[in-house]
Amino acid sequence: KTLGEDHPHTLRSLGNIAFKLNHQERYSQAEVLFRNCWEVRKKTLGEDHPDTLKALNGMAVAVDGQGNHDKAVELLQGCWEDMKKKLGEEHPHSLECLYDLANALKNQGNHSKAEKLQRDCCELSEKKLGINHPETLKYKKHLDIMITNTN
């Protein structure tokens, strides 16, 4: 028996596949799945629901991976603002969005703003998750790479 395209389990599975496609650098395929997931979640859950925002975040990363950095920055800035309002800036989903925004800004060539946001991400993650949490360490490593590559 099928659950239907707007069932939460179907959307979760769709999002998981899209996430894996992003990690495989198959960005155009990931964007299609994330966009579908985002559109359905907007209708069923609302634009500011955390699951809707996570789908938007994933779609923006896929857009960035395809080289459309300006659009990715635009999407991620809106997503970051909405996540801060809905979840708070220290929530792990918000931190991941901030990390992705910093990366998109770096890809866009806005290194100073990217570095500032990545520093913010590290500080917020340390405060919320702790200095040795894997996500905090990932954000710090990314900041170190960002600094090294811009000097």
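Per this entry, Lys116 is not counted among residues that are in a helix (DSSP H, G or I), in contact with an Asp or Glu (Cβ under 9 Å, 6 or more places away or on another chain) and open to solvent by 70 Å² or more (accessible area, probe 1.4 Å). Restricting attention to segment 63-78 and to residues that are part of a loop (DSSP other than H, G, I, E, B) and among the polar types (S, T, N, Q), the residue that is nearest to Phe34 (Cα to Cα) turns out to be Gln66.
Return the residue satisfying two criteria in turn: it lies in segment 129-151 and is open to solvent by less than 50 Å² (accessible area, probe 1.4 Å) and β-branched (Val, Ile, Thr), and of such residues it is modelled with the highest pLDDT. Among those that are open to solvent by less than 50 Å² (accessible area, probe 1.4 Å) and β-branched (Val, Ile, Thr), it is Thr136.
In summary, Glu126 fulfils each of the numbered conditions (1) among the acidic types (Asp, Glu); (2) surrounded by fewer than 19 Cβ atoms within 10 Å (Cβ to Cβ); (3) touching a residue at least 12 places away in the same chain (Cβ under 8 Å) with the single exception of condition (3).
Across segment 5-15, the qualifying residues are those that are assigned to a helix (DSSP H, G or I) and open to solvent by 90 Å² or more (accessible area, probe 1.4 Å), and the one among them that is farthest from Ala62 (Cα to Cα) is His9. Give me the residue from segment 25-53 that is in contact with a helix residue (DSSP H, G or I) (Cβ under 6 Å, 6 or more places away or on another chain) and either of a type in the set (D, E, K, R) or assigned to a loop (DSSP other than H, G, I, E, B) (or both) and, out of that set, most open to solvent (accessible area, probe 1.4 Å). So the residue we want is Arg35. The requirement of being over 20 Å from Lys54 (Cα atoms), out of contact with any strand residue (DSSP E or B) (no Cβ under 7 Å at 6 or more places or on another chain), of a type in the set (Gly, Ala, Ser) and open to solvent by less than 80 Å² (accessible area, probe 1.4 Å) is not satisfied by Gly88. Could you tell me which residue of segment 1-27 is modelled with the highest pLDDT, considering only residues that are farther than 22 Å from Trp80 by Cα and among the polar types (S, T, N, Q)? The residue in question is Gln24. Taken as a whole, the condition of being charged (D, E, K, R), part of a helix (DSSP H, G or I) and either touching an Asp or Glu at 6+ places or on another chain (Cβ under 8 Å) or open to solvent by 40 Å² or more (accessible area, probe 1.4 Å) (or both) applies to Glu81.
The values are calculated or read from the model by the stated rules, or taken from the named source; none is laboratory data. Fair warning: this is a prediction, and the values are worked out from it, not measured in the lab. A quick note on method: Cβ atoms are made from the backbone with ideal geometry, for glycine too, and the neighbour counts reach across all protein chains shown. Just the protein is used for accessible areas: all its heavy atoms, side chains included, with ligands, DNA and RNA removed. Shrake-Rupley method; radii C 1.70, N 1.55, O 1.52, S 1.80 Å.
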